[in-house]
Amino acid sequence: MTEIVAGIGTSHGPQLKAAPPAAWETRGVADRKSKNLKFRGGTYSYEELREIREDFSHEITHEVMQRRWDSCQGSMDKLSAFIKEQDVDVLVIVSSDHKETYGDELLSPFAIYWGDSVQHVPYTQEQLDAMAPGLAEAATGDVPDHPIERPTHRALGRHLIQSVQQEDFDVSASEVLPAGRYGNHTIPHGFGFIYQRFMGEDSMVPMVPVFINTFWEPNPPTAKRCYDFGRALGRAIQSFPGDLRVGVVASGGLSHFVIDEKLDNEFCEAMRNHDAEYLSSVPASEMMSGASELRNWIAVAGITDEVGLSVTKVDYEPAYRTEAGTGNAMGFVVWERG
């Protein structure tokens, strides 16, 4: 019998991959120029955001940022050790695509990859040079230094597509990754980061990539649709013939590019409590910008609720980078048998 043995959730923001405080401060310079900061249903310039929020100056000292960095690295080390200990045969990774792979030609609320393998390709120097300040240093943490062909589990991917379709989810099926933004057919960073940071660059554990359109209008799925999709995925994985040990991963989040600790704490508590009502009712207005990646976590919470896994550990660090409270809230979660 195929079994989902464990799950992890992790943020994958740039602040996890480029050491503070200098890199965090570089991203803060860009924040201070922004006119498009999303917070609790509104859109603000940096100046407007600072007017309506408390002063977070105490959060952006060298000492505090270093402490939060160290804490995040320790949490990721523990997650890495945990998932390796599970001896999984395959990872089902749920993440979003920042139009690195799928563009405006077709945006699907849900897509599952069922090809034989995926390419994991480093950036060229030209591509790194074109990135916004502070991002190039972080982007190298998502990719190997040489092209790698990573195995995927074709049969499981196909099974998931056909199974959730029987439950009225018209999921898109992707057998070949398009060239994408960088013209190299690579897996996007939300998936690559899991191997680079947690599984190890040389890991050949196959994956099934599951894409959720978290960011892009007009069709990001509702919280309820994400949760129900996760429950359907959980049933589909368990019904796969064989004796696979499957790990599930939520990659992305938590609140960013404006940190909302209230939202994050309520959300993590709902996952702890198997609170399907809360997880199915997070308003779209709360899941804007980077916080839209909460949809990935909602889907994985649906999977774990379906198969009886529980949250046994939550680490949380609000990694602020400006006085107005911009930054990336970092979350690290373990699901396992109670």
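So, in segment 196-229, of the ones that are hydroxyl-bearing (Ser, Thr, Tyr) and closer than 15 Å to Ile93 by Cβ, which residue ends up surrounded by the fewest Cβ atoms within 10 Å (Cβ to Cβ)? The selected residue is Ser203. Restricted to segment 10-54, and to residues there that are in a loop (DSSP other than H, G, I, E, B) and of a type in the set (D, E, K, R), the residue that is nearest to the chain's Cα centre (by Cα) is Lys17.
Residue-by-condition table, conditions (1) closer than 20 Å to Pro14 by Cβ; (2) touching a Ser or Thr at 6+ places or on another chain (Cβ under 8 Å); (3) surrounded by 22 or more Cβ atoms within 10 Å (Cβ to Cβ):
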residue: Asn296; (1), (2), (3): yes, yes, yes
residue: Gly302; (1), (2), (3): no, no, yes
residue: Leu309; (1), (2), (3): no, no, yes
residue: Thr312; (1), (2), (3): no, no, no
residue: Gly325; (1), (2), (3): yes, no, yes
residue: Gly331; (1), (2), (3): yes, yes, yes
residue: Trp335; (1), (2), (3): no, yes, yes
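Would you check if Arg295 is of a type in the set (D, E, K, R), in contact with a helix residue (DSSP H, G or I) (Cβ under 6 Å, 6 or more places away or on another chain) and modelled with pLDDT of 95 or more? Answer is yes for this residue.
Of everything listed in (1) under 18 Å from Ser11 (Cβ atoms); (2) without any contact (Cβ under 8 Å) to a residue 40 or more places away in the chain, the single unmet condition for Lys33 is (1).
Going through Val307, Val249 one at a time, which residue ends up being over 20 Å from Gln162 (Cα atoms), of a type in the set (Val, Ile, Thr) and touching a strand residue (DSSP E or B) at 6+ places or on another chain (Cβ under 8 Å)?
Val249
Checking Gly242 against (1) modelled with pLDDT under 95; (2) surrounded by fewer than 24 Cβ atoms within 10 Å (Cβ to Cβ); (3) within 20 Å of the chain's Cα centre (by Cα); (4) not basic (Lys, Arg): exactly one of these is not met. Which one? Going through the list (1) modelled with pLDDT under 95; (2) surrounded by fewer than 24 Cβ atoms within 10 Å (Cβ to Cβ); (3) within 20 Å of the chain's Cα centre (by Cα); (4) not basic (Lys, Arg), Gly242 breaks only (3).
Counted as qualifying within segment 105-222 are the strands (runs of 3 or more DSSP E) with 1 or more residues that are in contact (Cβ under 8 Å) with a residue 40 or more places away in the chain, among the hydrophobic types (A, V, I, L, M, F, W, C) and farther than 21 Å from Phe240 by Cβ, namely 148-151. For segment 33-57: of the residues being exposed (fewer than 13 other Cβ atoms within 10 Å of the Cβ) and in contact with a strand residue (DSSP E or B) (Cβ under 9 Å, 6 or more places away or on another chain), which is farthest from Lys262 (Cα to Cα)? Only one residue fits best here, namely Lys35. Is segment 51-58 home to any residue that is of a type in the set (Asp, Glu) and at pLDDT below 95? No - not one qualifying residue is present in segment 51-58.
Looking at Val88, is it part of a strand (DSSP E or B) and either under 15 Å from Met207 (Cα atoms) or in contact (Cβ under 8 Å) with a residue 40 or more places away in the chain (or both)? Even if it seems obvious, please write down each step before you answer.
Working: part of a strand (DSSP E or B): no; either under 15 Å from Met207 (Cα atoms) or in contact (Cβ under 8 Å) with a residue 40 or more places away in the chain (or both): yes.
No.
Take the conditions in a loop (DSSP other than H, G, I, E, B), in contact with a strand residue (DSSP E or B) (Cβ under 9 Å, 6 or more places away or on another chain), surrounded by 12 or more Cβ atoms within 10 Å (Cβ to Cβ) and among the polar types (S, T, N, Q) and apply them to Ser75. Does it pass? Taking the combined requirement at face value, the residue does not satisfy it. Reported count of residues in segment 95-136, each being loosely packed, with under 14 Cβ neighbours inside 10 Å, acidic (Asp, Glu), touching a helix residue (DSSP H, G or I) at 6+ places or on another chain (Cβ under 8 Å) and over 23 Å from Gln165 (Cα atoms), is 1.
The values are calculated or read from the model by the stated rules, or taken from the named source; none is laboratory data. Note that the structure is a prediction, hence the values are computed from the model and not measured. Methodologically, a virtual Cβ is constructed for each residue, glycine included, from the backbone with ideal geometry; neighbour enumeration extends over all protein chains shown.
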